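Worksheet: one structure, shown below.
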Amino acid sequence: MSIMKRRQFLSGLWVAGLGFVALAAAWTSWDLLRPGEAKGFGGKIRALPPESVTEGAVIEVSAARSYLTDVNDDIRALSWKCSHLGCKVSFCDSSGQFECPCHGSVFNRAGDLLSGPSPRGMDEHPVEVGADGLIYIDTGVVEDGAPPGTVTIDEPARGPSCSEGSH
Ligand code: FES
């Protein structure tokens with residue numbers, strides 16, 4: 001192979017390599033950014049079959065940073081991020097209510113604000129049942145909780161608060 005042909009060959013290889021890298025980068029970007037198929041928080045999180053969310057149940061779905069609960073035959077995903085300053089709200093089994101450990105906001109099982117400094121109820125993510133029959137929580141969408149004074153279920157505390165005795 002003459003020196004010129006060898007140079008042309010190597011230069012062709014270099015261009016083909018660059019083209020391959022550009023194609024791989026474009027594919028990766030498209031794969032990461034295509035809508036509706038994100039697999040982690042910020043996308044749609046696959047959860048449980050709807051039958052698992054029985055009346056009165058509160059099920060923590062860590063991947064969605066949410067609680068699934070059934071309110072008046074409607075499955076809802078309540079964000080655990082407190083609408084006050086963002087602490088993780090916990091569900092208290094003894095009271096049957098959500099309680100924020102940071103500044104004491106209390107929410108009923110429907111996420112309505114009952115007391116404390118939060119400006120609204122618990123925020124929510126939309127929920128849908130997919131073609132596979134499982135619940136999907138769309139963590140890419142956040143709907144503001146109900147304004148203070150909204151009470152959609154009549155469920156007073158069933159027992160002591162989890163924060164009693166901790167102050
Ligand atoms: S962060 Fe929840 S009450 Fe302040």
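The values are calculated or read from the model by the stated rules, or taken from the named source; none is laboratory data. Everything numeric in this text was worked out from a predicted model, so none of it was measured. We place every Cβ from the backbone using ideal geometry, glycine too, and count neighbours over all the protein chains shown. Ligands, DNA and RNA are stripped out before the accessible areas are found, and what is left, the full protein with its side chains, is counted by its heavy atoms. Shrake-Rupley method; radii C 1.70, N 1.55, O 1.52, S 1.80 Å.
Things worth noting here:
- For region 37-76, the residues whose amide N sits under 20 Å from a probe point set 7 Å from the Cα of Asp154 along the beta carbon direction are 55-57, 70-74.
- Listed residues His84, His103 arranged by accessible area, highest first, probe 1.4 Å: His103, His84
- Label point of Arg46 set 7 angstrom out along Cα-Cβ; within region 123-164, amide nitrogens under 11 Å from it belong to 130-136.
- Cα-based reach from Lys44 at 12 Å (exclusive), listing aspartates and glutamates while leaving out same-chain residues under 8 positions away: Glu128, Asp138
- Expressed as a whole percent, the accessible surface of region 44-138 that belongs to carbon and sulfur atoms is 47, based on a 1.4 Å probe.
- Amide H to amide H distances under 5 Å link Gln97 with Cys92, where only residues 5 or more positions off or on other chains count and H is placed in the peptide plane.
- The residues of region 44-138 expose, per residue, 43 Å² of accessible area to a 1.4 Å probe.
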